[in-house]
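Have a look at the structure below, then the notes.
The values are calculated or read from the model by the stated rules, or taken from the named source; none is laboratory data. No experiment lies behind these values; they were computed from the predicted model shown. Using ideal geometry, Cβ is built from the backbone for each residue, glycine included, and neighbour counts are taken over all protein chains shown.
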Amino acid sequence: MSDARWGLIEPVHDSVLLIVRLLDNPPAAPLSAFVRDVPLSLHGPGFTIEEARRLHLHTTRLLADWESRATRD
């Protein structure tokens, strides 16, 4: 495909291995972020309190929606 985004896609197996490695050997910091297996700085523009609140709001809504669907089925 000619779409540049396809170059960023990782096989699921590779992604799961990275997650398992982090779960088996969690970072010492109480909060961390990674792209693949490279730690990200938490002091960038994507890590503001406003962004954290926005992420929390969206996560809460998604989980509530999922829970309401699960209880209907």
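For the subset of the range 20-40 comprising residues that are closer than 17 Å to residue 10 by Cβ and of a type in the set (D, E, K, R), which member is surrounded by the fewest Cβ atoms within 10 Å (Cβ to Cβ)?
Taking the candidates together, the pick is 36.
For residue 57, indicate whether it is among the hydrophobic types (A, V, I, L, M, F, W, C), surrounded by fewer than 11 Cβ atoms within 10 Å (Cβ to Cβ) and in the same structural domain as residue 9 (by TED's automatic domain parsing).
When the stated conditions are applied, residue 57 does not pass them.
For residues in the range 1-30 being assigned to a loop (DSSP other than H, G, I, E, B) and at pLDDT 85 or above, which is farthest from residue 52 (Cα to Cα)?
11
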